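The values are calculated or read from the model by the stated rules, or taken from the named source; none is laboratory data. All figures in this text were calculated on a predicted structure; none of them were measured in a lab. Note: ideal-geometry Cβ built from the backbone for every residue, glycine included; neighbour counts use all protein chains shown.
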Amino acid sequence: MNQRKKWMDCTACSALSRSRLHQVACSLADQALSVGGMFMVNVALARTESKEEYGMFALFYSVFTFLAGLHNAAILEPYTVYGSGRYRLHSSAYFRSMAWINVGVGLLLTGALLSLYVLLERFAPGTASRSLLGLAATVSILLWGVFQRRVFYVQRQAVLAAKTSLVFFVAVVCGLRLATKAHVLNSFSAFLVIALGWVAASAGFARRLPFGKSPGAFLQMEPGYRSLHWKYMRWVLATAFVFQLMNQGYYWLVAALVSVKQVAELKAMALLIAPVDQIFIALNYLVLPLLAADSATGKMEDMLSTWKRYALGIGVLTSAFAVCVIVFGKAAAHLLYSGRYDDAAPLLMMLGLLPLVMGIGHTMNAALKSMEKPKLVFWAYVCSGSVTFLVGVPLIRHSGLRGAVYGMLLSAVAYTATLALALGNACYKTPVKAADAS
């Protein structure tokens with residue numbers, strides 16, 4: 001009997017390991033394909049358009065990144081944490097409620113950006129960029145694509161997210177090919193190509209969303225949800241604003257203090273380290289629901305054990321990636337951009353260290369959010385943003401693009417160090433309970 005029990009336990013563990021590996025593989029494929037589509041758009045613009053045109057696209061895509069951060073704070077983060085934890089028994093009703101909110105936010109942003117474009121076109125025509133018009137026309141579609149994929153992760157169906165991104169990638173590649181052959185590819189049509197890619201992807205898998213058959217409204221089931229949502233969201237929303245100071249803010253500082261052309265060079269180099277950032281995101285989509293589920297049930301020992309394995313894996317991965325960037329980065333930049341950005345390639349020696357510093361911080365970020373302590377994450381971003389202004393701005397003024405890279409690294413160090421202190425303090429104050437003690 002003991003032998004049979006051991007065999008069954010081993011079989012169950014093996015099946016569980018295969019299941020987790022499959023989820024990780026699907027999540028990595030999802031990020032590779034979704035970001036791969038954006039990568040193709042950036043490379044196509046960088047190779048065919050002027051640095052000024054590509055620089056404007058980079059600036060306004062950073063605006064979308066900012067809006068996506070707000071969207072993440074207002075909708076995706078609460079949905080992931082609560083959908084995987086507190087409200088997992090009301091998943092269909094909770095999804096329907098958040099889906100309507102997502103649509104409303106997208107339409108509101110579309111109206112605001114179109115209004116801004118019309119005002120600029122009328123009163124300051126020189127500043128009404130076609131990149132802004134492209135973003136205004138497509139922002140709601142882009143945000144829906146992000147939301148739909150996150151729903152699949154909350155359902156623990158990473159394979160559906162990967163299939164969605166596969167359709168997106170194929171559609172974008174086809175759209176870029178047609179736009180390039182027709183000689184209409186620019187910073188406006190690039191946004192249209194991206195949006196059409198998400199339309200095709202979303203339509204193909206919309207029927208797999210958890211609409212459910214229950215007619216009950218979520219707020220009738222959980223009347224106190226709004227206050228709980230706001231309590232969590234306010235800190236994540238504030239964090240989304242501050243986050244831009246240590247990330248997208250550097251593009252705008254370079255544009256203001258140096259030139260738009262230099263923005264294009266910084267973006268072109270940043271693209272080469274972007275793949276490892278997407279690995280963080282892919283793993284976070286899988287790990288955050290697991291951490292949130294353990295935290296919600298008081299299994300802090302299990303949560304910390306999962307986080308430690310996660311942090312170790314990220315540390316090994318980012319160290320290897322940094323070595324690859326330092327050794328092969330210049331050659332990769334020359335090949336990818338046909339020599340147009342060789343002058344900026346030396347920046348990769350320092351940029352390659354950025355994922356290493358940020359990666360460890362991101363694991364602690366996820367752990368604190370799973371403990372429903374977004375306030376501590378907010379203060380980490382405040383410290384990092386303060387470094388951007390106090391140190392980053394003088395560095396850019398003094399050393400230009402190289403100063404911006406140094407500033408980004410120092411901001412990342414401030415972010416990770418603050419999170420380490422916050423997580424240590426939170427764990428010290430939180431009672432630990434293992435799974436077998438519950």
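Inclusion of Met408 among residues that are crowded, with 21+ Cβ neighbours inside 10 Å, at negative phi and aliphatic (A, V, I, L, M) is warranted.
Taken over segment 289-323, the criterion of being more than 23 Å from Gln157 (Cα to Cα) and crowded, with 17+ Cβ neighbours inside 10 Å is satisfied by Gly298, Lys299, Met300, Leu304, Ala311, Leu317, Thr318, Phe321, Ala322.
Taking the criterion of being among the hydroxyl-bearing types (Ser, Thr, Tyr) and closer than 25 Å to Thr65 by Cβ, the residues of segment 86-137 that qualify are Thr110, Ser115, Tyr117, Thr127, Ser129, Ser131.
Would you mind telling me which numbered condition in (1) crowded, with 18+ Cβ neighbours inside 10 Å; (2) modelled with pLDDT of 75 or more; (3) not assigned by TED's automatic domain parsing to the domain that holds Tyr54 Ala256 fails? Of (1) crowded, with 18+ Cβ neighbours inside 10 Å; (2) modelled with pLDDT of 75 or more; (3) not assigned by TED's automatic domain parsing to the domain that holds Tyr54, only one is false for Ala256: (1).
Exactly one residue out of Thr138, Thr65, Thr164 is at pLDDT 85 or above, hydroxyl-bearing (Ser, Thr, Tyr), surrounded by fewer than 21 Cβ atoms within 10 Å (Cβ to Cβ) and in a helix (DSSP H, G or I): that is Thr65. Please specify each residue of segment 329-351 satisfying the condition of being hydrophobic (A, V, I, L, M, F, W, C) and surrounded by 14 or more Cβ atoms within 10 Å (Cβ to Cβ). Result: Ala332, Ala333, Leu336, Ala344, Ala345, Leu347, Leu348, Met349, Met350, Leu351. Say whether the condition of being outside the structural domain of Ala161 (by TED's automatic domain parsing), assigned to a helix (DSSP H, G or I) and either farther than 30 Å from Ala333 by Cα or in contact with a strand residue (DSSP E or B) (Cβ under 8 Å, 6 or more places away or on another chain) (or both) is met by at least one residue in segment 261-277. No, because not a single residue in segment 261-277 is outside the structural domain of Ala161 (by TED's automatic domain parsing), assigned to a helix (DSSP H, G or I) and either farther than 30 Å from Ala333 by Cα or in contact with a strand residue (DSSP E or B) (Cβ under 8 Å, 6 or more places away or on another chain) (or both).
The residues of segment 103-135 that are more than 27 Å from the chain's Cα centre (by Cα) and either modelled with pLDDT under 90 or not assigned by TED's automatic domain parsing to the domain that holds Leu192 (or both), listed by number, are Leu120, Glu121, Arg122, Phe123, Ala124, Pro125, Gly126, Thr127, Ala128. The single condition from (1) closer than 19 Å to Val193 by Cα; (2) in contact (Cβ under 8 Å) with a residue 12 or more places away in the chain that Leu160 fails is (1).
If a residue must be β-branched (Val, Ile, Thr) and surrounded by fewer than 21 Cβ atoms within 10 Å (Cβ to Cβ), how many such residues does segment 371-386 contain? Residues meeting the conditions: 1.
Scanning segment 278-312 for residues that are in a helix (DSSP H, G or I), farther than 28 Å from Met349 by Cα and of a type in the set (S, T, N, Q) yields Ser295, Ser305, Thr306. Look at segment 47-67: where a residue is of a type in the set (A, V, I, L, M, F, W, C) and a partner is outside any helix (DSSP H, G or I), sitting 6+ places away or on another chain with Cβ atoms under 7 Å, you get Met56/Ser129; Phe60/Ser129; Phe66/Gln248.
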